[in-house]
1. Looking only at segment 148-177, how many residues end up being of a type in the set (Gly, Ala, Ser) and surrounded by fewer than 13 Cβ atoms within 10 Å (Cβ to Cβ)?
2. Go through (1) over 20 Å from Leu24 (Cα atoms); (2) hydrophobic (A, V, I, L, M, F, W, C); (3) touching a residue at least 60 places away in the same chain (Cβ under 8 Å) one by one and return the number of the condition Leu52 breaks.
3. Tell me the residue from Phe112, Phe87, Phe95 that is under 24 Å from Val165 (Cα atoms) and assigned to a loop (DSSP other than H, G, I, E, B), please.
4. Could you please find all residues in segment 168-181 being under 16 Å from Ala27 (Cβ atoms) and either modelled with pLDDT under 85 or not hydrophobic (A, V, I, L, M, F, W, C) (or both)?
5. If I ask for residues that are of a type in the set (Val, Ile, Thr), under 17 Å from the mean Cα position of the chain (by Cα) and outside any helix (DSSP H, G or I), which ones from segment 28-46 would you list?
6. Only one residue in Thr130, Thr113, Thr139 is without any contact (Cβ under 8 Å) to a residue 40 or more places away in the chain, in contact with a helix residue (DSSP H, G or I) (Cβ under 9 Å, 6 or more places away or on another chain) and over 18 Å from Thr66 (Cα atoms). Which one?
7. I'd like the full set of residues that are out of contact with any helix residue (DSSP H, G or I) (no Cβ under 8 Å at 6 or more places or on another chain), modelled with pLDDT of 90 or more and in a helix (DSSP H, G or I), limited to segment 58-81.
Amino acid sequence: MKSEKLKPEKLTPEMPKPVKSEKLALAWLLVASIFRILPHIPNVSPVMSAALFAGAKLDRKTSWITLIAMMVVTDVVLSQIHGTAVFGWWSFFTFSGVLLVSVLGSTLRHAFTGPRFLACSLSGALLFWTWTNLGTWMTSGLYPINGAGLIACFAAAVPFLKTAVIGDLIWSFLLFVSYEFIQQRIPVGSNSPGMQNT
């Protein structure tokens, strides 16, 4: 029998490892926090989009802790800038609204498609707008706690809905697309060819 010569396997350099997804996601949420503090068009802030993004890119515990920390810190800074109260009963609706949107975002974690992303972005914007305006009706003292007061509260908020939805869609697009672009294209943790660790 003829002995077959074994062909040596073609060696290829180790592919560089991509940026760790969690660290990059946390960095993006830090950027969103900064933009919440900077001057912006009313109701066009990255809060809802950051919640959707955190739910999609981080596990439940990490996303909730990060979002709460983000809201607390930025609320304190904004209160110092504008001379307003830091926390109140309205904070429950704002914070819980952020967490609800993050739960919605978790549906994108393993099944991300364009239509699903658009649906979650629109749903998140409407959910956050509805829930926080309900909180305004219940806690602000500006409206009577009855059906007429509820209608008046939401009627007053309708003019802001358009800018809120547009802003949320833009911020969501920027966060998700820029994250995927960077995550896929910046390798770290690899050694240069021919270099040895000492």
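1. Within segment 148-177, residues that are of a type in the set (Gly, Ala, Ser) and surrounded by fewer than 13 Cβ atoms within 10 Å (Cβ to Cβ) number 2.
2. Only one criterion in (1) over 20 Å from Leu24 (Cα atoms); (2) hydrophobic (A, V, I, L, M, F, W, C); (3) touching a residue at least 60 places away in the same chain (Cβ under 8 Å) is unmet by Leu52, namely (1).
3. Exactly one residue qualifies, and that residue is Phe112.
4. Those that are under 16 Å from Ala27 (Cβ atoms) and either modelled with pLDDT under 85 or not hydrophobic (A, V, I, L, M, F, W, C) (or both): Ser178, Tyr179, Glu180.
5. The one that is of a type in the set (Val, Ile, Thr), under 17 Å from the mean Cα position of the chain (by Cα) and outside any helix (DSSP H, G or I): Val44.
6. It is Thr130.
7. Matches in segment 58-81: Lys61, Ile65, Ala69, Val72, Val76.
Conditions tested, residue by residue: (1) surrounded by 13 or more Cβ atoms within 10 Å (Cβ to Cβ); (2) modelled with pLDDT of 90 or more; (3) farther than 26 Å from Pro39 by Cβ; (4) within 18 Å of the chain's Cα centre (by Cα).
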| site | (1), (2), (3), (4) |
| --- | --- |
| Gly83 | no, no, no, no |
| Val86 | no, no, no, no |
| Phe93 | yes, yes, no, yes |
| Leu99 | yes, yes, yes, yes |
| Ser106 | yes, yes, yes, yes |
| His110 | no, no, yes, yes |
| Thr113 | no, no, yes, yes |
| Leu118 | yes, yes, yes, yes |
| Ser123 | yes, yes, yes, yes |
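The values are calculated or read from the model by the stated rules, or taken from the named source; none is laboratory data. Since the model is a prediction, treat every value here as computed from it, not as a measurement. So basically every Cβ, Gly included, is an ideal-geometry build from the backbone, and we count neighbours across all protein chains shown.
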